[in-house]
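Student: Dumping the structure here so I can ask a few things about it.
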Amino acid sequence: TETVETKEFQSETRQVLKLVIHSLYSNKEIFLRELISNASDACEKLRFAALARPELLGSDTPGVELIPDAAAGTLTVKDNGIGMSREEVVENLGTIARSGTKKFFESLTGDSAKDSQLIGQFGVGFYSGFIVAERITVLTKKADAEAVRWDSDGEGSYQIQPHHKADRGTEVILHLRAEDKEFLDAERLTGLVHKYSDHLALPVSLVKDGKAEVINQAKAFWTRPKSELTEADYQAFYKHLSHDWDEALAWAHHKVEGNLEYTSLLYIPKRAPFDLFNREEQSGVQLYVKRVFIMDKAAELLPPWLRFVRGLVDSADLPLNVSRELLQGNRMVDKIKAALVKRALDLLDDLAANKPEQYAEFWKTFGSVLKEGVIEDDGNRERVAKLLRFASTAHPEGQTVTLADYVARMKPEQKSIYYITADTLAAAKNSPHLEGFVAKGYEVLLLTDRIDEWLTSHLREFEGKKLDSVARSAKDIESAIETPEKAANESAYKDTLERLKKALAGKVGDVRLSARLTESPACLVADEYGMSLRMARMMKAAGQ
Ligand code: ADP
Ligand code: MG
């Protein structure tokens, strides 16, 4: 006698279920993408486990079968992947113990095309089966464990019981709703597999009259020759890889042969992920070794300032059992990383030069992350500096001015590139510090990102021109805006300056006559070598 246990879904799971079914009702077909993607993950996990235990794989070819059964009204998605133990079934199909759940709820937009991508992104794909199924049965077996059967109508509880099944792997049996029988149709299924799974490395077969026929390309996307791939192919693979609903802005696909052999495929997204500004969030590049998936977010492959880049590297040289520890300080990995940084910068250079509108879009979304490159990467500082865009007194609307544009417009006698940092564009534009510079016809960059304080402390010069803050007291800044009137007035104001110095003693370092101002009576400037005024304010706000 076998025990059937009935368990309640964790309450959040129930909520997710409802939402998934509701928000995807107009885009039902994506359930197949999600289930095939899970089957594919399970096969990848098996291949990975088999690196240490080859007997797991034996002579099997990991793959997925779609088995429509018109008489029973079921569609089965079957794989011979890793399978699940009883605990794993409870953990994975009965709860959503993932930190992303709350974010998922917050991110739902009500637009089903967008929400369908979110589902993949937040790992609630399995439940999408309930969009078309009134009941789902899962039969699964892990090597060395007993098989398990899981049943649910997605209403609030599920049944779990032991099962007899000899083969390792998982069968997800969808008992289709009456109105969703279209998903039994061979042509419909074939079309969907081409649409969503052509780029998967593993074979997806359709079983008709007991015979299985492979219907997808079944070749890792990045191993196919570039000449064979269309823009639409690259975009489809990008969506699969990133779970982004939007298209990619640009990509670069390289096969490298020689001493070091690897393939890289990098994408620049259009849209920022919700955690872009979390510096803990690691690079978005996956690592494969000889087509075997090794890890997501391989932080060693791209620096944090390029964390918005998505993509993958498939190395032919790294050992299959490579771990995160092994990646650190590995010379091969460092070389690949340097090459990837170069490729990403090439991509951005190309966008900036040939598709300025797209580059402007990129800059708006990711510019302040790219600025971290100037701070962190001495070797690429100059290249990154060329990609920066700023607002300036000449072009205060939007960030469009390059440092090269600025230098080209500098007055013949002008020595430095001038900038001001402020919390807002309005504060920057209206700052009295600008007056003397504007009177001289000097352009001033208006910097309003928080990171600009650090940017300017690392970017000391560009094309041989120093960068100077108009809010500093340095002699050469003063002399740059010197006027004959100022020299003439020096003695007339001597007493006034003395009195002011006394009155403000201990509060300011010095009181000086300056040609900085044309309208305002006075302004504060920072000491030549001290912290900038805004930095001092930011430190104070942070309690330091
Ligand atoms: P995600 O795939 O993003 O983790 P899903 O809701 O799609 O989220 O799947 C939940 C979990 O259930 C997976 O992470 C996996 O552990 C397990 N799972 C689902 N389908 C299978 C399968 N065919 N074989 C093995 N495990 C599976
Ligand atoms: Mg999934």
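The values are calculated or read from the model by the stated rules, or taken from the named source; none is laboratory data. These numbers come from a predicted model, not from an experiment. Neighbour counts are summed over all protein chains in view; Cβ atoms, including those assigned to glycine, are modelled from backbone coordinates with ideal geometry.
Student: Name the pairs whose Cβ atoms lie under 9 Å apart, with the first residue in region 30-44 and of a type in the set (Lys, Arg), the second more than 9 Å from ligand 1 (Cβ to nearest atom), and 6 or more positions between them or separate chains?
Tutor: Taking only residues 6 or more apart or on different chains, the pairs are Arg33/Ser116; Arg33/Leu192; Arg33/Lys195; Arg33/Tyr196; Arg33/Ser197; Arg33/His240.
Student: Then there's this: Contact list please: Cβ distance under 8 Å, first residue in region 385-402 and touching a residue at least 24 places away in the same chain (Cβ under 8 Å) and buried (at least 21 other Cβ atoms within 10 Å of the Cβ), second residue aliphatic (A, V, I, L, M) and part of a loop (DSSP other than H, G, I, E, B), pairs at least six apart or on different chains.
Tutor: These pairs meet every condition: Ala385/Leu459; Val401/Ala394.
Student: In a helix (DSSP H, G or I), surrounded by 15 or more Cβ atoms within 10 Å (Cβ to Cβ) and among the aromatic types (Phe, Trp, Tyr) - does that describe any residue in region 200-223?
Tutor: Looking only at region 200-223, we keep the residues that are in a helix (DSSP H, G or I), and these are 221-223.
Right, trim to surrounded by 15 or more Cβ atoms within 10 Å (Cβ to Cβ) and you get 221-222.
With among the aromatic types (Phe, Trp, Tyr) added as a condition, the list becomes 221-222.
Taking every residue of region 200-223 in turn, at least one turns out to be in a helix (DSSP H, G or I), surrounded by 15 or more Cβ atoms within 10 Å (Cβ to Cβ) and among the aromatic types (Phe, Trp, Tyr).
Student: Here are some conditions: (1) modelled with pLDDT under 95; (2) hydrophobic (A, V, I, L, M, F, W, C); (3) in contact with a helix residue (DSSP H, G or I) (Cβ under 6 Å, 6 or more places away or on another chain). Ala52 meets all but one. Which one does it not meet?
Tutor: Ala52 satisfies every listed condition except (3).
Student: Show me the helices (runs of 4 or more DSSP H) entirely contained within region 331-401 in which 2 or more residues are of a type in the set (Asp, Glu) and either farther than 28 Å from Ala427 by Cβ or in contact with a Leu (Cβ under 6 Å, 6 or more places away or on another chain) (or both). Spell out how you get there, then give the answer.
Tutor: On the way: elements: 331-354, 356-376, 381-387.
The helices (runs of 4 or more DSSP H) meeting that bar are 331-354.
Student: Could you go through region 152-175 and let me know if any residue there is part of a helix (DSSP H, G or I) and either buried (at least 18 other Cβ atoms within 10 Å of the Cβ) or within 27 Å of the chain's Cα centre (by Cα) (or both). Spell out the reasoning first.
Tutor: Residues of region 152-175 part of a helix (DSSP H, G or I): none.
Among the residues of region 152-175, not one is part of a helix (DSSP H, G or I) and either buried (at least 18 other Cβ atoms within 10 Å of the Cβ) or within 27 Å of the chain's Cα centre (by Cα) (or both), which makes the answer no.
Student: Looking only at region 73-91, count how many residues are buried (at least 18 other Cβ atoms within 10 Å of the Cβ) and farther than 12 Å from Ile160 by Cβ.
Tutor: Residues flagged as buried (at least 18 other Cβ atoms within 10 Å of the Cβ) and farther than 12 Å from Ile160 by Cβ within region 73-91 amount to 10.
Student: Exactly one of these conditions fails for Leu446: (1) under 14 Å from Ala471 (Cβ atoms); (2) touching a strand residue (DSSP E or B) at 6+ places or on another chain (Cβ under 6 Å); (3) in a loop (DSSP other than H, G, I, E, B). Give me its number.
Tutor: Failing condition for Leu446: (3).
Student: Can you tell me which residues in region 51-71 are more than 16 Å from ligand 1 (Cβ to nearest atom), farther than 27 Å from Lys290 by Cβ, of a type in the set (A, V, I, L, M, F, W, C) and touching a residue at least 12 places away in the same chain (Cβ under 8 Å)?
Tutor: Correct list: Ala70 only.
Student: Scan Asp423, Asp476, Asp452 and give me the residue that is at pLDDT below 85 and not aliphatic (A, V, I, L, M).
Tutor: On the way: Asp423 fails: at pLDDT below 85; Asp452 fails: at pLDDT below 85.
The conditions single out Asp476.
Student: Out of region 1-31, which residues are under 19 Å from Asn92 (Cβ atoms) and part of a loop (DSSP other than H, G, I, E, B)?
Tutor: Hits for region 1-31 are Phe9, Gln10.
Student: Let me ask something else about it. Please work out which residue is surrounded by the most Cβ atoms within 10 Å (Cβ to Cβ), limiting yourself to region 289-309 and to residues that are touching a strand residue (DSSP E or B) at 6+ places or on another chain (Cβ under 6 Å) and at pLDDT 90 or above.
Tutor: Leu301
Student: Restricting to region 111-144, count the residues that are within 12 Å of ligand 1 (Cβ to nearest atom), assigned to a helix (DSSP H, G or I) and at pLDDT 75 or above.
Tutor: Looking only at that region, the number is 5.
Student: Restricting attention to region 410-419, and to residues there that are surrounded by 14 or more Cβ atoms within 10 Å (Cβ to Cβ) and out of contact with any Lys or Arg (no Cβ under 9 Å at 6 or more places or on another chain), which single residue is nearest to Tyr442 (Cα to Cα)?
Tutor: So the first thing to find is which residues in region 410-419 are surrounded by 14 or more Cβ atoms within 10 Å (Cβ to Cβ), and the list is 410, 414-419.
The next check asks that each one be out of contact with any Lys or Arg (no Cβ under 9 Å at 6 or more places or on another chain); those that pass are 418-419.
On the way: Tyr418: 8, Tyr419: 10 Å.
The residue in question is Tyr418.
Student: Restricted to region 159-169, and to residues that are modelled with pLDDT under 95 and over 17 Å from Ala42 (Cα atoms), which residue is nearest to ligand 1 (Cβ to nearest atom)?
Tutor: Lys165
Student: Just wondering, is there one or more residues in region 75-93 that are more than 15 Å from ligand 2 (Cβ to nearest atom) and in contact with a His (Cβ under 7 Å, 6 or more places away or on another chain)?
Tutor: Looking through region 75-93, none of the residues is more than 15 Å from ligand 2 (Cβ to nearest atom) and in contact with a His (Cβ under 7 Å, 6 or more places away or on another chain).
Student: Moving to a separate point now. Can you confirm whether region 19-36 contains a residue that is within 16 Å of ligand 2 (Cβ to nearest atom), within 30 Å of Val322 (Cα to Cα), at pLDDT 95 or above and within 29 Å of the chain's Cα centre (by Cα)?
Tutor: no
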